[in-house]
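Participant: Structure provided below as structure tokens; questions to follow.
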Amino acid sequence: MSISGYFTQVFAVADAEARKLWHDPWELVSRATQPVLWLVLFGEVMAQVRGLSPGSVPYLDFLAPGILAQSVLFVAIFYGIAAIWERDLGVLHRYLVSPAPRSALVSGKALSSGTRALSQAIVIYVCAALMGVDLSFAPADIVCAVLFIALGAAMFSTFSLIIACIVRTRERFMGIGQVLTMPIFFASNAIYPIDLMPHWLKTVSSINPLTYEVDGLRAVMLVGGRSSYGLGSDFAALAIVCVLMIAIATRMYPRMTR
């Protein structure tokens, strides 16, 4: 298959998934409620505590990129449950008998997860702007933010798909998904600086992909924002993990029908 044909298959799968949003937009509204509450309630309260944000950065400015990354994580990590539904409804069998390569199916689903995350990002951007967060709307920063959001969503959604291939039931998946989200979130720099962590947690945070997504978003979302690791390192860390997740999910995806 040619490269153009491969990407046509990827976009076809992503388009089919994205159409579901058009028919159920309230799903996005309900999912956007939680991160907005984190910003409005948790952010306003913790902004009164000194020392939670580095230097002279207001805590709400520090928090907003972390909550956006949290939103991406929460949307993507439960994406695997849709694959279980597809298997139970027979949709998965239709995908697997199609001529599309398995990697195209997985990549298409990852791309559609990025679309969902971007739609929520708009809500969070609007909420953060209304709360006075010093957001950067420079075109280059917006493009970089879109890349980090889409890449993070693709990475965590394929990780979710791998979990779905292992557990294969909705009940087990929901339990494991809830167990995984909190450690990933709290063992990152989303709501507090890494400098405040104990040594062992700093080590965990350094291998947590969410840390690099938050770090990149802080650099491109905020006026005068800076990356602790460097934007290139942030992007490379996410891209490497994403490719690895897609490769593993591609190998495991057909097993869901067994």
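Participant: Looking at the stretch 155-168, is at least one residue under 18 Å from residue 38 (Cβ atoms), part of a helix (DSSP H, G or I) and touching a helix residue (DSSP H, G or I) at 6+ places or on another chain (Cβ under 7 Å)?
Facilitator: yes
Participant: With the condition kept exactly as written, say whether any residue in the stretch 48-56 is touching a Phe, Trp or Tyr at 6+ places or on another chain (Cβ under 7 Å), closer than 30 Å to residue 188 by Cα, modelled with pLDDT under 75 and surrounded by 18 or more Cβ atoms within 10 Å (Cβ to Cβ).
Facilitator: Yes, because at least one residue in the stretch 48-56 is touching a Phe, Trp or Tyr at 6+ places or on another chain (Cβ under 7 Å), closer than 30 Å to residue 188 by Cα, modelled with pLDDT under 75 and surrounded by 18 or more Cβ atoms within 10 Å (Cβ to Cβ).
Participant: Looking for whichever is of a type outside the set (Phe, Trp, Tyr), buried (at least 20 other Cβ atoms within 10 Å of the Cβ) and modelled with pLDDT of 80 or more here; the options are 124, 142. Which one fits?
Facilitator: After applying the criteria, what remains is 124.
Participant: Among the residues of the stretch 216-232, which ones are more than 12 Å from residue 152 (Cα to Cα) and either touching a helix residue (DSSP H, G or I) at 6+ places or on another chain (Cβ under 7 Å) or β-branched (Val, Ile, Thr) (or both)?
Facilitator: Once the filter is applied, which keeps residues that are more than 12 Å from residue 152 (Cα to Cα) and either touching a helix residue (DSSP H, G or I) at 6+ places or on another chain (Cβ under 7 Å) or β-branched (Val, Ile, Thr) (or both), the stretch 216-232 yields 218, 219, 220, 221, 222, 223, 225, 226, 227, 228, 229, 231.
Participant: Please work out which residue is farthest from residue 65 (Cα to Cα), limiting yourself to the stretch 106-139 and to residues that are in a helix (DSSP H, G or I), more than 18 Å from the chain's Cα centre (by Cα) and free of Cβ contacts under 8 Å to residues at least 24 places away in the same chain.
Facilitator: 139
Participant: Of everything in the stretch 140-172 that's touching a residue at least 60 places away in the same chain (Cβ under 8 Å) and among the charged types (D, E, K, R), which residue is nearest to residue 10 (Cα to Cα)?
Facilitator: 168
Participant: Would you point out which residue out of 176, 194 is surrounded by fewer than 22 Cβ atoms within 10 Å (Cβ to Cβ) and in contact with a Lys or Arg (Cβ under 8 Å, 6 or more places away or on another chain)?
Facilitator: So the residue among 176, 194 that is surrounded by fewer than 22 Cβ atoms within 10 Å (Cβ to Cβ) and in contact with a Lys or Arg (Cβ under 8 Å, 6 or more places away or on another chain) is 194.
The values are calculated or read from the model by the stated rules, or taken from the named source; none is laboratory data. Owing to the predicted nature of the structure, the values given are computational and were not obtained by experimental measurement. No Cβ is skipped: glycine too gets one built from the backbone with ideal geometry, and neighbour counts run over all protein chains shown.
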